[in-house]
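Below you'll find the structure, written out as structure tokens, and then a few comments.
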Amino acid sequence: MRQLRAFQIVAFVVVTLTYAYVHLYVDFDFPRELVRITGVTVNGTVGDQSESIDASASETADENTPRAFNEPLAPSSDLCEELVRISSDHRRVIELLTRAQFPSALSPTDYDDSSIALQPASSVEFECDAGKTLDESRNIVDVFLFGGGEVDTLEIRLYELHPVVDKFIAVTSNVTHKGEATFDALESLLQTARFESFRDKVEIFKHAQAGAAAPNGVNFQFEAEKESAIARELAKRYDEKTLVIFGHVDEIPAREDVWKAARCETALPGNFGIWFPYGNLNFAFRSDFPARNMPWTLGDPGVTVANRLYQMLLPRGRMEHVLGRGFHATNYCFPPQYILKMMTATEYGGFDDFIGNIKSGTNKTCEQTMQELRLFCLNDPVRALGARMRRVDDLVKAGENAEQFYTPLALRLSNMTRYPSWDPTGQAIDQRATILPGVR
């Protein structure tokens, strides 16, 4: 298993390096190293201290509690100015960018506008294939790694799966995937009106880690340690009667197919085949780890019995059985989230270059700076990855099954007004990209 995991890491880094290399030669106004790979670090030791928190009963009177929406965070006039002012303090930057997503895009200056909150379905029903219905449905727990800042993506996932899973376990840490101190957002986030209706099923599993920070390096150890910690925990809690979905928060399986995994005869372990738009809904990316016979997908997340998760971990398409469709919400082009990814995601980099770009853009407004970054995120993979990025319409015309290009239910609800940065035209505007959190 360790050898296989090592192979997956090396292969993933090679692919990402290829993208970064091509990226350096793109003729664009933004820094050429927004997605930068500088080598793999192997130093650093990781502790093994974990705790679980029942989000439905947690309190919010701590340093992570959202400030009142009319209380200024800082004297800066907009998000760009504040990013420059605090850029040397990465933990504060992570907090600022995370708080930018606390309110919904539908109400960008109000943390507590319950009138626009998504309400999960109380129950849903689908059908198994003839003769495949189980006499008794299985419990199913959705376990995902949560980096802390993927707030919109978390909402999309919870809305998709709340009616078909028995529980969510969000696996968090005190450090980013680059080993730097992070902002613990999830407890207080779940107390907001936006997430109140979901928190009854959410548990937070905190894994304390300590290691050498590598803000400009690539070290998959921090992710791997969290995977192992939650696998050990589930082996203690559950037996073979409970299933577990396991992946990252942005690896979102389709609601119907999760329902079937729990209620229909299903060969396990297996993985989903999730569509990989790379931030642009008009396109699909051909990944190196597709689900079997589904080249335009990523073979995650996986499903297995909970007490044997340690035997599977992240499947990356290794499983023989494909359990259904889904959506890979990576490379989300909401500018604060994209900047967060530069700082916190294992294989990304470029934050210092971005700050330098803001400083040098003396004649640009914050709106212009953020829109340029958004368009760069939206279009650069299409330019840099060549034949590995194909238009979905062209793939369907060429014979690919249209059903595999699954759009999560939350993305279908509001015609891009709830998540403007998923608009593939780049035209829908998200005011949160420039507003200071806590300022009307």
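Go through (1) crowded, with 19+ Cβ neighbours inside 10 Å; (2) modelled with pLDDT under 95; (3) basic (Lys, Arg) one by one and return the number of the condition Arg157 breaks.
(2)
Find the residue count for the range 132-167, including only residues that are over 25 Å from Glu203 (Cα atoms), in contact (Cβ under 8 Å) with a residue 40 or more places away in the chain and assigned to a loop (DSSP other than H, G, I, E, B).
Total meeting the criteria: 2.
Quick check, is Ala224 in a loop (DSSP other than H, G, I, E, B) and either in contact with a helix residue (DSSP H, G or I) (Cβ under 8 Å, 6 or more places away or on another chain) or modelled with pLDDT under 80 (or both)? Break it down into steps so the answer makes sense when it comes.
Working: in a loop (DSSP other than H, G, I, E, B): no; either in contact with a helix residue (DSSP H, G or I) (Cβ under 8 Å, 6 or more places away or on another chain) or modelled with pLDDT under 80 (or both): yes.
No: the conditions fail for Ala224.
The values are calculated or read from the model by the stated rules, or taken from the named source; none is laboratory data. On a predicted model such as this, the values are computed, not experimentally measured, just so you know. When we count neighbours, we look across all protein chains shown, and the Cβ atoms used for this are built from the backbone with ideal geometry, even at glycine.
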